[in-house]
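What follows is a set of notes on a single structure, which appears directly below.
We did not get these values from a lab; they are worked out from the coordinates using the rules stated. Every value quoted in this text rests on a predicted model; they were computed, and no experiment measured them. As a convention, Cβ positions derive from the backbone with ideal geometry for all residues, glycine included, and neighbour counts pool all protein chains shown.
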Amino acid sequence: MDYKKELEELILNVIREDGSDLHLGAGRVPAVRVSGELIFLSKHSILTQADMLGFLGEILDKAKVEKFKENQEADFSYDFRGEARLRGNAFFQKGLVNIVFRLVPKVQTISELKLPPILADLARKKQGFFLVVGPVGQGKSTTLSAMVNIINNEQARHIITIEDPIEHVYVPNKSIINQREVGIDTKDFHIALKEVFREDVNVIMIGEMRTPETISTAVTAAETGHLVLSTLHTNNASQTIDRIIDSFPGNQQDQIRAQLASSLLGIFSQRLIPRISGGLIPAYELLLNNNAVSNLIREKRTHEIDVVIETGMESGMVDLNHSLIELVRAGEISIENAYQYSLNPKGLERLI
C-alpha cells in the first residue's frame, strides 16, 4: 500500500465532509467526526497493525517512531500539502496502534468565528492574564489564534507561543512571532516560559497550562507587563479559578490568589453546539475581572462569581444561559441542545 497516498485520501475525506477529526486504528475501518458525530467509513477495508505502522512512518521520522514504541504514545503535528494542518496523537490499545488526527482550522477572525467583539478589545490589552477554557474539542485554540492574529495584524509586538504541538501557523505581519514546540524547540512549557523574560517578549501564548510551575510563572509574567493567553480544561470561570488555586500547596494558595486577583483580565468559556442548519456554533460565558471579582477571589468567595456574571452583562460579561437562549431565539440551535449544554438547566428554564 502507498501509505502516504492512502493517508492523504483519508485526510481529504475529512476536509470534503467538513469534519473535525480522523480516527485510525488496527482492527477497524477509519472513522470521521462530522458536526460532533462519528461516521464510520464502512466501504474502506479494515486497517491492520502493519497499515498503522505504515501511516506512522509517514508522520514521524524513524527516531520518533522508536520513541513512540518506547513511550507508547506521541503527540505530533502534520502538514497536509501545505494546504491544511493537523495535530495528532498516536497511542496503543490492547497492543494495537491507534492514531487520531484533528484538523486545525485556518486562522479566522473573531466575527467569522461568531465570537463576541469584546475579545478583540481584550487582545489589544498591554498586559494581564486571559484564559480560554472548556472541554476538549470546543475550539479553545481557534479562539486564541484569532486573538493572536488581531495583535499580529494591528501592533508591532514580539509574540512567543509555546505549544505541544504547534497548531495554527501564523504569518508575521506587524509583529514578530516565534512559535516554539515542546520536544523540538524546548524541553517543556515551564523552561520555555521562564526563558521568555530574557527574550524581550510582549505577548505569550501558552498552548495549555499543565503544572503549578507553569501557572505560577504565567501569572508572574502577566503581573510584570506581559499579555499572557492560555487554556485550561475546565467548565466555567469559577471552576477555573478554583482549579488554579487548588493546584498549589496550601501554604502557597494565598499568594497565587492575590496574584490572580490583580493580574486576571478575564476567563472565556466556550462550547460548540450543533446548529439546526448543520455545522457548529459557539455558546459562551465571559467573566471580566473588576473590583467585585477581584475581591471575591481574594476573599475565597469564588462560588459567588456566577452571580456576578449574571448581573454584569452591562459591563460586557456574558452568562452561558443567556448565550444559549439567544441562539435558540435566533433559530440557530434547538432548545433540547440548549438544555444539554447548559451548566444550570433550572436557570435556563427561567429565561424561556
- Quote the Stokes-Einstein diffusion coefficient, in whole µm² s⁻¹, for the stretch 218-346, based on the Kirkwood radius over alpha carbon pairs, a temperature of 20 °C and a viscosity of 1.002 mPa s. 136
- Per residue of the chain, what 222 nm ellipticity follows from adding -39500 (n - 2.57) for every DSSP H run with n ≥ 4, rounded to the nearest 500? -11000 deg cm²/dmol
- Task: Compute the semi-axes of the equivalent ellipsoid of the stretch 92-242, taking the square root of 5 times each eigenvalue of the Cα gyration tensor, and list them largest first in whole Å.
- Result: 23, 19, 17
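Can you put Met1, Met317 in order, fewest other beta carbons within 10 Å first? Please report the intermediate quantities before stating the final value.
On the way: Met1 12, Met317 21.
Listed from fewest to most nearby Cβ atoms, that is Met1, Met317.
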- Message: For Lys106, project a label point 7 Å along Cα to C-beta. Then give me every residue of the stretch 166-193 with its amide nitrogen under 15 Å of that point.
- Response: 168-171
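Find the relative contact order for the stretch 147-279 and round it to a whole percent, using C-alpha pairs within less than 8 Å whose residues are 6+ positions apart. Please list the in-between numbers first.
Details: 163 pairs, mean separation 25.7, N = 133.
The normalised contact order for the stretch 147-279 reaches 19 percent.
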- Label-point gap, in nm, between Asn13 and Arg81 - each point 7 angstrom along Cα→Cβ: 1.6
- On a C-alpha basis, how far is the centre of the stretch 172-235 from the centre of the stretch 297-319 in Å? Whole number, if you could? 27
- Message: Going by amide H atoms built from the backbone, whose H comes under 5 Å of the H on Ile162, apart from near neighbours?
- Response: Arg180, Met205, Ile206, Gly207
- Task: Can you check what the net charge comes to around Leu227, using other residues whose Cβ is under 12 Å from the Cβ of Leu227 (Lys, Arg +1; Asp, Glu -1)?
- Result: +3
- Item | Segment Glu154-Val171, length gained on full extension (0.36 nm per residue, minus Cα span) | 4.8 nm
- Built amide H within the under 5 Å cut-off of Thr186, gap 5+: Glu181
- Message: Suppose every Lys and Arg Cβ carries +1 and every Asp and Glu Cβ carries -1, with no other charges. What dipole size does the chain come out with about its Cα centre, to the nearest 20 debye?
- Response: 60
- Query: Suppose R0 equals 45 Å; then what is the FRET efficiency for Lys64 and Gln340 from their Cβ-Cβ distance, rounded to the nearest 0.05?
  - Reply: 0.70
- Task: Identify all aspartates and glutamates with a Cα-Cα distance to Lys69 below 14 Å; exclude those on the same chain that are fewer than 8 residues away in sequence.
- Result: Asp61
- Label-zone membership for the stretch 208-228, site Gln127, 7 angstrom Cα→C-beta point, backbone N under 18 Å: 216-228
- Would you mind computing, in nm to one decimal, how far apart the modelled labels at Thr224 and Glu349 are, each placed 7 Å from Cα along Cα→Cβ? 5.2
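Taking the number of other C-beta atoms within 10 Å as the exposure measure, put Leu56, Leu227 in order starting with the fewest. Write out the running numbers ahead of the final one.
On the way: Leu56 21, Leu227 25.
Ordered by Cβ neighbours within 10 Å, fewest first: Leu56, Leu227.
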- Length-normalised contact order of the chain, Cα under 8 Å, at least 6 apart, in percent, tallies to 12
- Using r as the Cβ-Cβ distance of Lys94 and Gln253, and R0 as 41 Å, what FRET efficiency do you calculate, to the nearest 0.05? 0.50
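Determine, for each peptide in 95-106, 78-89, the mean count of other beta carbons within 10 angstrom over its residues, then list the peptides with the highest first.
Numbers: 95-106: 18.8, 78-89: 14.9.
Order by mean packing, descending: 95-106, 78-89.
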- Query: Using 7 Å Cα-to-Cβ label points, what is the Ser294/Arg329 separation (nm, one decimal)?
  - Reply: 3.3
- Just one of (1) 63, 52, 42; (2) 77, 60, 41; (3) 59, 46, 39 is Cα extents along the principal axes in Å calculated from these coordinates, so which is it? (1)
- Per-bin percent of Cα-Cα distances, the stretch 3-104 [5 Å]: 3, 13, 26, 27, 20, 9, 3, 0
- HN-Hα J couplings of the stretch 114-130 from phi, Karplus 6.51/-1.76/1.60, θ = phi - 60°, integer Hz, Gly and Pro as x? 6, 9, x, x, 4, 5, 5, 5, 5, 5, 7, 5, 7, 7, x, 10, 10
- Each residue of the stretch 96-101 in order: what ³J(HN,Hα) in whole Hz does its phi give by Karplus 6.51 cos²θ - 1.76 cosθ + 1.60, θ = phi - 60°, with x for Gly and Pro? 9, 7, 10, 9, 10, 9
